[in-house]
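Participant: Right, I'll just put the structure down here and ask away after.
The values are calculated or read from the model by the stated rules, or taken from the named source; none is laboratory data. Everything numeric in this text was worked out from a predicted model, so none of it was measured. Using ideal geometry, Cβ is built from the backbone for each residue, glycine included, and neighbour counts are taken over all protein chains shown.
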Amino acid sequence: MVGRARRPGLRYHRAGIPSGRIQRQIDQRTDMLAGVSHDLRTPLTRMKLQLALLDGVDGADELKEDVDEMEHMLEGYLAFARGEGTETPEATNLTELLDGVVAQARRKGGVIDLHSEGELMVPLRPDAFRRCVANLLDNASRYADHVTIRAGTRGDAIEVTIDDDGPGIPADRREEVFKPFYRLDGSRNPGTGGVGLGLTIARDVLRGHGGDIDLSDSPTGGLRARLRLPL
């Protein structure tokens, strides 16, 4: 079968889809996500007020926990939508950005080593990418004792690898964990395992930059997350 001819003057993604169409789809999805999340905050607020009047009623505490969890999920979606939907890519010193994210993760108690190959300049939406790396470091630090992050140029891309010595993720579930709200531990408590959005947001951010993320076994015994950004 003869493939469809490409239109001259258009930039194409690896799959042969015009990059402008991909960006429009990302923008439309982000706008919709922000709108839905914002609209849901009003009924959630009403529910919280009504539950406050049910203090002591059987089942009220469980409902409050469910509402708190929903609110936490919405805040995560809104934070992502605000950054990705309004930011313009700009030349960014990736080394400095990683320094800042790692410093913040260390203040939370994470034991993290950072190795960067000099000054790495790359066009980024800095807030969105900062959130992406922060999510990955939070995940790694939650389950591991030690995390290592490395950044450098590999061919026509910049590669960032995050290795940890935690329990890792089974190979047959590494694609599943990118689905929204998917939780390996099965817990519904955001305090012990987040809300299941960290890896979803990370992949969306990377693909929005024309790159991607994959997971594999780490030489340190846990999980490796490899982020690639085109130059």
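Participant: Which residue is surrounded by the fewest Cβ atoms within 10 Å (Cβ to Cβ), if the candidates are limited to region 140-173 and must be β-branched (Val, Ile, Thr) and under 24 Å from Leu97 (Cβ atoms)?
Facilitator: Taking the candidates together, the pick is Thr153.
Participant: Given the structure, is Leu199 more than 11 Å from the chain's Cα centre (by Cα) and modelled with pLDDT of 70 or more?
Facilitator: It is false that Leu199 is more than 11 Å from the chain's Cα centre (by Cα) and modelled with pLDDT of 70 or more.
Participant: Restricted to region 217-231, and to residues that are surrounded by fewer than 18 Cβ atoms within 10 Å (Cβ to Cβ) and more than 14 Å from Arg150 (Cβ to Cβ), which residue is modelled with the lowest pLDDT?
Facilitator: Leu231
Participant: Among the residues that make up region 164-174, is at least one of them closer than 25 Å to Thr95 by Cβ and at pLDDT 90 or above?
Facilitator: Scanning region 164-174, I find at least one residue that is closer than 25 Å to Thr95 by Cβ and at pLDDT 90 or above, so the answer is yes.
Participant: Out of Asp58, Asp127, which single residue is assigned by TED's automatic domain parsing to the domain that holds Gly152, modelled with pLDDT of 80 or more and among the acidic types (Asp, Glu)?
Facilitator: Of Asp58, Asp127, the one residue that is assigned by TED's automatic domain parsing to the domain that holds Gly152, modelled with pLDDT of 80 or more and among the acidic types (Asp, Glu) is Asp127.
Participant: From the set of residues in region 175-196 that are aliphatic (A, V, I, L, M) and more than 21 Å from Lys64 (Cα to Cα), which is modelled with the lowest pLDDT?
Facilitator: Selected residue: Leu184.
Participant: Tell me, yes or no, whether region 120-136 has at least one residue that is of a type in the set (A, V, I, L, M) and in a loop (DSSP other than H, G, I, E, B).
Facilitator: yes
Participant: What residue, of Val122, Val160, Val147, Val102, is over 16 Å from the mean Cα position of the chain (by Cα) and at pLDDT 95 or above?
Facilitator: Testing whether each residue is over 16 Å from the mean Cα position of the chain (by Cα) and at pLDDT 95 or above leaves just Val147.
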